[in-house]
Structures are given as structure tokens and as C-alpha cells.
Amino acid sequence: MKVDFKKLLLLPFILFAHNLMGQFFLYNTNEQKKIELHFVKHSVEATKGKTIFNVVKVVNKSTQPQTFTFQLTVPSGWQILGDEKLELTLPPLDSTLIPIRVAIGKNVRGDIGYSIIAAIIDQRGNVIKNEYSFVKVPREVDIKVKFLTRFEYFDQQTGHAPVKIKIENRGNREELITLSLDAGNFIGIGSARLQNYIQDVNIPPYSDSTVVFDVYLNKQLQTSRDLFKLNLQAKTIDSTFKSTSWLKNLSSKYTNYIPDSRRVLITEFFARGLFSNYAKPAYASIIQGNILLRKKNEIYFFYNNYNTTPTENLYKFNRMWIGYNSNKYFLQIGDINRSIESSLYGRGGNIGIKMKKIKLEAIATQRVLNPQSNVGTELEFSPTQDYGFKLGGVLTKSINENFESKLGTAGFKLNLIKRLRLGYSLVYNQIRFGNQNDSIINKIAFGSTAYLNYSGRKLNATVRFKFGQPFLNSSFNGRSELISQVVYNLNEKNIIQHYTIDNRNNPGDYRSFNIIKQSFTNFHKQFITWGYNPNNKVYFFSGPGFEINSSDIFPVIQRGEDYFSTLVYNYNLGFRFKGEKPSSSLTAQIFTGFVNVLHKPIYYVDSTFSIPTSKSRFNYQNISINLRQPRWGIQAIYTNGPRSIYEQFNWYYASRPNRMLRVMPYFDSFIYKEQLQLQVNISYSNDLVAKSSYSNITSQLFWYLPKNWQLRFLNVYTIQSRVTPTEAVERFQNMYFEASVRKEFGIQQPYLKFHTLKLVFFKDFNGNRIMNENEPGIKNVLVNIQRVDDEKMDYPDFTSGELLSNQYGEVIYEKIPSGIYELSYNAVGNETGTFSKADIDIKFSLNKDLTLYIPFVEKNKIFGRIILNRSKLSGLGKVDVSNIRITATDTRGNTISTLTDKNGEFVIYAPVTDEYVVTVNNIFYQDFDLRQNNFRVQFNGYKQFEVNFVFDEKVRRINFSPSSQDLANESVLQVRRTNLRGTIKDASSLKPLRARVNLINTKNNSIVASIYSNPLTGDYNLSFLAGENYALEVVADDYWYYAETLNLNQVTTFMNVTRDILLKPISIGSKLELNIRFDINKADLGPEAVAELNRLLDILRQNPGIKIEVQGHSDDLEAINNQTISEERAKRVAQYLVENGFSNLQVRGFGNTVPIAPNDTEENRALNRRVEIEVIGK
């Protein structure tokens, strides 16, 4: 056998290599793992605070089992609800589904693609596979831009006011906001004093920012305005915001205007016709005054002569009277300007009596220039406000003219229904007249007056008719007048008006009886107008109408034989626009008419005259524009064509066209501070046909001097020009000058007196409430005073207004009436620094010139903490050291208090005084001994002082199975358990609410247990150890809290209690009754009241924009002798709120007028002794 040695030599190497390969495949674990990983949802969309759900599918495509770690990675701030890592083993060719849920972060940004990363990691930590699920967060826009305050105030020295704009970005992306400020003519923005200012601001998401702009008042421009408007327009890429802020330029001094009816003596002297070439100047005077007595009694007098030469003019050509007026009687002697259907004007007397239901009056006069005697009397009787009667009579005799009139009148008024009023009166008149050489004529004339008023929700109507026959001794002699106006409101924007007037005039004249025929003029007009108000600034009106006119007054017509009459169809169209400034408006109107001659005269003075029929129809147009501003204005009227009946007859008879232009501007304003006032009125008219014009310029200059002196200068300049038939131009002009001097004497009234009030606000360094030389005044303190005494209605001569203290801290009120006033004040600048006002408000009596020094006190710091030394064998558990009251009392009994925080720390800011005694409300007395409770604090130049209260724990024994002997031991405690459950709902909609339910230990104001109610059902359930000192507290966002003292009186081991609670939403008009009970005639706040007010403060701090009214109440017994106790309770609560940082409030006391329980038992009266909070602004 032949052996191949080459193959034998290769055999060992082959066997060795085979062995190596087997070992490689046996021990090699680096085979590439065939694992696939993917999300079921490759991309999802989500918003902040929400959760997203996805599923990851893991597939093992290899033929071997695979062990690996599954790991999730999410963006920062997001939370994985579940495990971030999972250890998994997948069999060969198997798969698994892994559900994942991720909570989106609250500060996630919009329009950004986020990713959730799922990773497979092997046992060595190597990442085998990554897979991404993309999360898109859409952009959310929630921008609010507003002025931080609606009103700002200019500094009186610098004219500077910081305007703050608050920008809230609650959206999820950064916003670029363009702020555009538009100021008026008198203010500027920034150092450049720009009237239009633009600035871009970037606001990050979920953030607030306050932008401050410096606004300055241009003092070089003189203006009497004190209120200036600043408009804001804020723009983003997709929205626009508009807002308005008002800047006030307030003075530190106010001089009350005393009307002439409140002056004891006023004199005025006139010089008329100065610098005249035709006559000597005429001199005249006025002397007048009123003397005010108690209970609205007064004596008044007046004298005015027209010329001092000759001497008899001082009596004959003048007006004068003196009178007395009271609640019941009135008397006047001198010139009487009174009528009882017939005029009683003359010099004589008037006397009468006024009672609740009856008024009786008698008048007797005689005219000075024309010897005519008048006697009249009138009686009014009104049993109720719904009906009444009136009777009267007048006897008139004229000796020179042989005239006598006897007139009687009777009438009534009646309210048939609630909205309907009507009245009627009848006049009967006997007239006797004639010359001595002629026969005497007797006439009887009747007259009547009727009116009807209806005022409804949509319909308002007024109709008045007055009639008099010829020769009636009245202003309605031969005259009748009907006026009717009906207004119907279709809706808030549309209104329909119908207006009718009918006037007929054909009087009788006893002087020319049977000698001259009297002319007549009649007209009848009706209009229907539709008005449209799209907003409170614009008003459009339009409508048709017609009028009928007739008269025989024209000289070319034979009077009494013929007349001229026209029918006019017209149409009215116009609008009125109200400006931003007070009393500013623009009115434009077009009035056109189409005239038809109804009656053509045929009896002319010239019998040969005739008119062609083609002139029976013509038209006219009238265009008017009226612009009014606070200090100036202008009215322009253009008329084309004959509008009045006189112009229509001139066109019909003489073919005289009519085109007239009238322009009437005016100016009225102070031209130098408030000392020189200029009034200018110009009237210009131009007859464009006759080429004639007339101009009148009336100027008055008032110079207000100190001590109530006043000079007045009047100038009237008239110029008239016309073109003669020969085309020559004629001009006529006239100049008139007048001057006067006026003095208002400052004599005090016997009853109503006027005084000067000076307020000085200062920094009280030493706390003694007395202004020393080194204590400076405080500027920019906003001040408002209001008269509150009962007698203010007798003479309401003072209207409250805002003032701002000057650089010396002074505010001055001049010439304000005596009485009781209430002062409210607040610092609006940064001048106070660490100082704050010492009093909420001040009430004072003003019966003489008075200076009040009002301190702002510096609050120095008293701080410290509660220290509990616990026993090593203590079984008390955690002891809450929050809400423990710390009180500092000065030597005058004034107290300042605060509560400790959760760490037992406290801070009191107290004004500087001689010393304070600082105490703690020892609520731990059962379990701890207090080492020291009275610390005397003297600042002595220091700004801070530390006080610590140290408590040492006592040792107690607790027996859960008490025997009768143990129960007798006061140191043994029983343990019982209470189960409290119920539902919490919205009081308006009864929807379930998610609210926090706290169980409070009223001894130390600590939270014993806390739980949130179910947001779907509103249910809650609390279990706690029974006790007598528990209170229930329920709080929820945007709702008033609920608080109740739990008086359970539990005697069993277990007790179930149900409390269903309705929470009131915080809205305007909503009320909260504070869980505070007051002792009789007391307004003190106990420890439980402080806890209640702290709960209120938490709500108020969460809603800083609301304004509240603190309302105090009392029971019936208190109100008998202590009517102010309800207001004192409200002020005590308000003081605590202000001291702890909330001052947007007002105080009001209701006394016993709004009880919540009958005042029949002490328990019910205790319920009425309460304080409520009402939201009055938001």
C-alpha cells in the first residue's frame, strides 16, 4: 500500500483548524442582532400640559433569543408616565408592543418639532437601534397688552409721568410686539418729546414684562386742560390691541366758586359809550346780595340803575327789589316780574305762603313809566302728586289809555296712569277800553291751555296747545300755538321723530281799534325724521316735511282784502359727530324745499299790477356747518333761494333772488393762566345778490384780580358796506366801548361760612405725628375731600375734586363751606420711599380756617421667629408654627400685628416711636411653656430689631382606653374619629369643581388634613381625630373661599358628617360673608378673624385687578346708641387688608339696615354683627 505522506502531513493541520472553527462559532456572541424598532405613530400633535400616547413595536428577526434594554428619552421638562427603561428578552422571530405615555411640559414652545427617542441597548451598553417619534406642538397665541393703570399724574415740578404698559405672553412662543404710542399736542414721549413713539419689544413665552415710557407735559404751551389722552396700539404678526390711558395735570390749590346767590354783597360799576363823538358816557351801577339764614331762609336785594344823570334816573330808570324767602313764606318789594296769564310787571309787592299742599300768592304793582295798576292773586292746591288745581285772577287798569281788564283763570293737572300726565286751564277776560270822546267798547275774550305728556319705554310724546282770542290781555292775544313732538325708539340705534308746530297770529289792538286793520301771519309745519346712532359718537338724521305759510303783512297787498300763501315740500339730511374732547362736535345739514304758491293775491295797492303764472313754483337750498370745540367754534350757513315767506313774496312779486352767506366764529378761553379771559364773537353776513355785507365783532376781556376784583372791557365794532345802483361802494362803521369794575366782598354769611383748608403731608421721622423743622413734605399725594354732614343739601356749594400735593407737601382748598368732611389720600409717586400713610382716612370738622398736618410714618423692621424646644420623648408629631399672631403695641395703645409663615418667622414694619411691647399669641399653652412673652423694643436709631419667642415642650400622657378615673384627670385625652364628606359645586351652574379642602386647627391656625375634591363629581372625603377647635376651609381658583367653624359636639367613637358646599365665582356684584363674629358694640379682630382675613388676602392677591367694598353691619340694639359701629368694623377689616398689601378698596357702613336674621334673639343678633366683601370693579 502506497502512502501519500503529503496528505498525512496536512491532516493534523486540518483537524486543528476544524477545532478552532467550532470553538469560534461556539463562543462568538457578536453576531449582528436582527432587531427592528418602530413607533406605531411616526408623528403626533400635542399641546402643553397634555399627555400623548404611542406604541413602540419591537421585532426580533433573528433565530436566537435576544436580551436587551428598552429606553425612552424625552425633551427636558417632559415626564414619562411609567418606566424609562425596560429589560426585555424576545424569543426568536417574535415581537412585542410597548405602550408609552408622556406628559408634555408646561413651558413647551410652539411651532417646534420635538422628538421622543426609543432606543435598544445591548448588555454591553451599546445602542443597537434608535427610533424617533416626532411631536409637533402647534403655536398658541395668548397675548394681553394693557396700561398698568388707567390714570397717571404729572409731577408738578418736572411735568414728568411714568406710563407703564404690562404685556402678558401666555402663549408658547416668543412674540415680537410693536408698541405705538400716540400723544396729543400738549404732551411728548421720551427725551425727544415725540408725539408719536414706536418701540419693538420681544416677550419670551410664559412670561410677563412691564415697559415704562417717560411722558412729559409741554409747559411752554399754555392750556387750561388738566386731562390728556394717550393712545396705545400694540401689534403682533396676527393681532392688534388698543388701549387708552389718561394723564392728569392736577393743581395743589383749589378755589371754590361761590355763586352770586351766596354772596352777601356784590357791586359793579359801568361806563358805557366811552370815546364816543356823539354823546357823553353813561354811568350805571349794580348792587346785589343774599343773606343766608338757617333752614334755607334768606334775604336778598338787587339794585341796577341805567344812568346816573339826571338824578331822578336813580329811581325812575332802574330795577330794584328786596325780598325774603323761607320754607313757608316769601315776600318781595320793588320790581315784580310776574304773570298770572296776564302780565303783572311793575313796581309793588308780592307776598305768599307755601305749604305742603297749598300755595297762595298775591301781587300788587304799578308801572313807573306808564301809569298802569295791576292786582293779582293765585291759589294752587295739590292734595297728592297725581292731581292738583289752580285758580287765579288779575285786575288791570290804565288811567291814561282808559283801559280796564278783568281776567280769571282756572285749571287742573292730572296723572291718569303712571306714564301719562295732562293738564288744562281756561281763561275768561272782560276788557273795557275807549277814548273819553268816543264810546266805550266792551269785549269778552277766552283763552285756554292744554298739555299732554307720555313717557314710555319706547314711545315718548308731548303735545301742548295754547289759544287766545283777539283782545285777550295776554301774550297770546289773538294767537294760537300747537306744538307736538313724538319720539319712537325702534331699537338702540334707530329712532323716529315726528314734529308739528302750528302758529296763527291775528291780534286785536285796542289802541287802533276801528282805525287800522291788523295783519296776520300763520304757518303750519310738520317733519318726520329718522335718526341712526351707529355708536355714541356719530348720529345721522334724515326725513321729509312740509309747511304751509300765509300772511297779509306785505305793504303792496290790500290788508284785510287779500293775502299770500305757499305750500313747501322740504327734505332734511345731515349728521352730527362728537369729538374726543368734551363739548366738541361737528354738525352738517342740508335742507332743501320746493315752493308752490297756494294763493295768489289779486288785490294789490296798484290795481294795474299782475304776475305771470310761471312764477308759481320755485325752490331753495340751505346748507349749514357747525363746528364746536371747548375753546372755539364756527358756524357757516349758505342759503340759495327764498326760504321765509317774506323772501318768497319778494321773489314772487318783485323777482328778487336770494343768496345769503353767514359766517359766525367765536373764541372763549383764558389767554394768560386763569387771570385773563378773552371772548370774541364775529358775525359776518353777505347778500351775494345785493352785494352788501354786514360785519359785527364783539370782544370782551375779563381780568380777574386778587381779592375778588374783576375788570371787564367790551368793544363792539360794526362795519356795513353796500353797492349802490351806480356801482358805487358805500361803507358805514361804528365803534362802541364799555368798561366795568366788579367787586365781590368776602363778608361771611351769618349761617353759611366759607373757610380755607390747608393740608400738609410730611415724613414723620420720630413718629410723634407733629411736623418738625427737619421733616420734609411729600409731593405727589393724591387728595380728595368730600362733605358728609347732613346740612350739605341745604346749600350744595362745593363739588369734590382731585388735587396733588406740591413739592412742599401742601394742598390748599380756598372758600369751601363749613361742615364735616372726609379726607382720602394716596401717594401716587415714589416720594414716600419706606414711609406709608398712618391713617386710612380722616374725618374732620371745618368751622374756621384750618391747617392739618398729616404724617407718613416710616416702618422699621421687627423680625424674629418661633423656636420650639422639643422633648426627646415627644409624641406630638409635627407642630405647625405658621399663622401665629405677633403684635407690637406702642405707648399710646396703637397696635400693629402680623402672622408667622410656615417656618415660624415673622416681620413687622412699625413706625418710629418711643418704644413697643412685642407679644405672641400663645396657642401652644397646653403643650409648651413660653419663656418670655413681653419684649420691649426701642429702636434708638436702629432700623431693625430681632425678637425670638422660645417654647419648651411639656410632657403629656395619652390613654386610648380611658377608665373612669382617667377621665377625671385633666391631662388625659380621649381619641375619637370623624369622617367628613360631601360635594363641591359652582353656585351658579351647579357644575362639580376641583377644590382644595383644608381642615384647620383654630387654636394654632395649622392645617390638620387636606384633600382635593374629584373634578368630575365634586366629591371629597376627610377622616380626622375629633376635636372642638376645627374649621373647614375650601378654596378654588377664581372662586371665593368657603370657611366654616365645625361645632360637631361628637360623643361617639366614630361620627359621619356631610357638608355639601356651593362656591361663588368672583365677579362684579358677588359677595363674601366673612366668618368673623363681633362682640356687642365691639370692632376688635380676634385670632380667628386674622386667619379668616389671611384667607381673604390670598384670594385678593390672586386677583389683583378687582376692587372691593368692605361692608359693615350691626344689630338693632347696637344701632340705637352706636350708629357708627358697623362702619368701624368695616374700617378695622380694611385697615388690616391695607397693612398687608391690598388697598384697592372702599369702606361702607350699613348699620342695621340689611339684616340676615331677625333681631329677636341674641343668637340671631350675633349673625347680624358681621362684615361682608362685595366686588364692585374688576
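Computed from the coordinates by the stated procedures, all read-outs in this text should not be read as laboratory data. Here the structure is a predicted model, which is why all the values come from computation and not from measurement. As a convention, Cβ positions derive from the backbone with ideal geometry for all residues, glycine included, and neighbour counts pool all protein chains shown.
For this structure, a couple of remarks:
- Volume per residue of the C-alpha convex hull in the stretch 1067-1178, rounded to whole Å³: 87
- Helical segments meeting 18 Å axial Cα length and Kyte-Doolittle 0.0 threshold in the chain (DSSP H): 5-27
- Ordering of 1123-1135, 661-673 by burial proxy (mean other Cβ atoms within 10 Å per residue, highest first): 1123-1135, 661-673
- 13 Å beta-carbon shell around Lys359, net charge (K/R +1, D/E -1): +2
- Gain upon complete extension [Ser339, Lys61; 0.36 nm per residue less C-alpha separation]: 88.3 nm
- Positive-end residue, the chain charge dipole about Cα centroid, Cβ charges, pick of Asn922, Leu369, Ala910: Leu369
- For a paramagnetic label modelled on Ile198 (point 7 Å from Cα along Cα→Cβ), amide N atoms under 11 Å away belong, within the stretch 167-188, to 178-181.
- Size of charge dipole - the stretch 858-949 - debye, nearest 20, with Cβ of Lys, Arg +1 and Asp, Glu -1, no other charges: 220
- Student exercise, the chain dipole from Lys, Arg, Asp, Glu Cβ charges, in Debye to nearest 20: 2520
- Reducing the stretch 839-900 and the stretch 1073-1145 to their Cα centroids gives an inter-centroid distance of 17 Å.
- In summary, the convex hull built on the alpha carbon positions of the stretch 35-137 has an orientation-averaged projected area of 6.1 nm².
- Charge-dipole axis of the chain as Lys and Arg at +1 and Asp and Glu at -1 on Cβ define it, positive-most pick from Ile399, Ile112, Tyr694: Tyr694
- Total formal charge among the other residues, if their Cβ is under 10 angstrom from that of Arg432, Lys/Arg +1 and Asp/Glu -1: +2
- A Förster radius of 45 Å, combined with the Cβ-Cβ distance separating Phe1150 from Asn1029, puts the computed FRET efficiency at roughly 0.90.
- The spacing between the stretch 412-458 and the stretch 181-210, judged by their C-alpha centroids, is 68 Å.
- Karplus-derived 3J(HN,Hα) values for the stretch 757-768, using 6.51 cos²θ - 1.76 cosθ + 1.60 with θ = phi - 60°, are 10, 10, 10, 10, 9, 8, 8, 8, 5, 9, x, 8 Hz; glycine and proline are entered as x.
- Once the Cβ-Cβ distance of Ser115 and Glu168 is raised to the sixth power relative to R0 = 35 Å, the FRET efficiency obtained is 0.70.
- Every helix of 4 or more DSSP H residues in the chain counts as -39500 (n - 2.57), and over all residues that averages to -2000 deg cm²/dmol at 222 nm.
- Two-site FRET efficiency, Glu1174 against Asp1037, from Cβ-Cβ distance with R₀ of 25 Å, rounded to 0.05: 0.80
- Beta bridges by DSSP in the chain, antiparallel share as percent, to the nearest 5: 90
- Among the listed pairs Lys164/Lys248; Lys61/Lys85; Lys48/Lys1107; Lys1003/Lys1178, those with a Cα-Cα distance over 24 Å are Lys48/Lys1107; Lys1003/Lys1178.
- The protection proxy used here, the mean number of other Cβ atoms lying within 10 Å of each residue, ranks peptides 892-901, 344-353 as follows, highest first: 344-353, 892-901.
- For the stretch 503-594, the equivalent ellipsoid derived from the alpha-carbon gyration tensor has semi-axes of 42, 16, 10 Å in decreasing order.
- Extension gain (nm, one decimal) between Thr240 and Leu873, 0.36 nm per residue minus Cα-Cα: 221.2 nm
- Where labels lie 7 Å past Cα in the beta-carbon direction, separation of Phe546 and Ile1068 in nm: 5.0
- Label corresponding to Rg and Dmax of the Cα atoms in Å when calculated from the structure given, among (1) 59.5, 177; (2) 46.4, 199; (3) 33.0, 110: (2)
- Where a label projected 7 Å from the Cα of Glu580 along Cα→Cβ would reach, residues of the stretch 233-267 with amide N under 12 Å: 233, 243-247
- For the chain, with +1 on Lys and Arg beta carbons and -1 on Asp and Glu, the positive-most of Tyr539, Ser475, Thr158 along the dipole: Ser475
- Only beta bridges with both residues in the stretch 35-137 are counted; by DSSP, about 90 percent of them are antiparallel.
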